[in-house]
Amino acid sequence: MEFYFEKLKVWQEGMNLVERIYKLTGKFPKKEQFGLIAQLRRAAISIPSNIAEGQGRYHRKEFIQFLYNARGSLYEVITQIKVVERLEYLTKRETEELLQQCRLIESKLGGLINSMKERI
């Protein structure tokens, strides 16, 4: 049985990003285990988690607030990807693919936020 939030494309894309980040950060230097690895993974997980939690709230305004939280976590992930790029922990291609995923999520989040605002 599928939960309603699992049908949301933006949640699905968020989950794809989490999976990709977990796989890629597994290649980072061990010295980053409690630094960038942990922080990047936490921020990434926060994106679909906030979408799911917000969808479970009773009022649309609460849902919108959780979508804003998800967007904030997304921007945190983008910043951390830029740091990782500077440190050369990922290839240029891996970095660009992650940023492309982030752009897609940003677009879908914006669309969902606007749609929810119109219903208030």
- Message: Quick check on my filter: what residues within region 81-96 are touching a residue at least 60 places away in the same chain (Cβ under 8 Å) and in a helix (DSSP H, G or I)?
- Response: 94
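One line per residue, one yes/no per condition, for (1) of a type outside the set (Lys, Arg); (2) loosely packed, with under 13 Cβ neighbours inside 10 Å; (3) over 15 Å from the mean Cα position of the chain (by Cα); (4) more than 18 Å from residue 16 (Cα to Cα):
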| position | (1), (2), (3), (4) |
| --- | --- |
| 51 | yes, no, no, no |
| 59 | yes, yes, yes, yes |
| 67 | yes, no, no, no |
| 85 | yes, no, yes, yes |
| 89 | yes, no, yes, yes |
| 105 | yes, no, no, no |
| 108 | no, no, no, no |
| 114 | yes, yes, yes, yes |
| 119 | no, yes, yes, yes |
- Message: Looking at residue 28 and the list (1) closer than 18 Å to residue 114 by Cα; (2) among the aromatic types (Phe, Trp, Tyr); (3) not in a helix (DSSP H, G or I), which single condition is not satisfied?
- Response: (1)
- Filtering region 11-41 down to residues that are closer than 28 Å to residue 107 by Cβ and among the acidic types (Asp, Glu), which residue is surrounded by the most Cβ atoms within 10 Å (Cβ to Cβ)? 13
- Check on residue 71, at pLDDT below 95, closer than 16 Å to residue 116 by Cβ and surrounded by 13 or more Cβ atoms within 10 Å (Cβ to Cβ): no
- Considering only region 92-103, state which residues are surrounded by 12 or more Cβ atoms within 10 Å (Cβ to Cβ) and of a type in the set (S, T, N, Q). 95, 101
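The values are calculated or read from the model by the stated rules, or taken from the named source; none is laboratory data. These numbers were taken from a predicted model, which means no experiment stands behind them. Note that we place each Cβ from the backbone using ideal geometry, even for glycine, and neighbour counts take in every protein chain shown.
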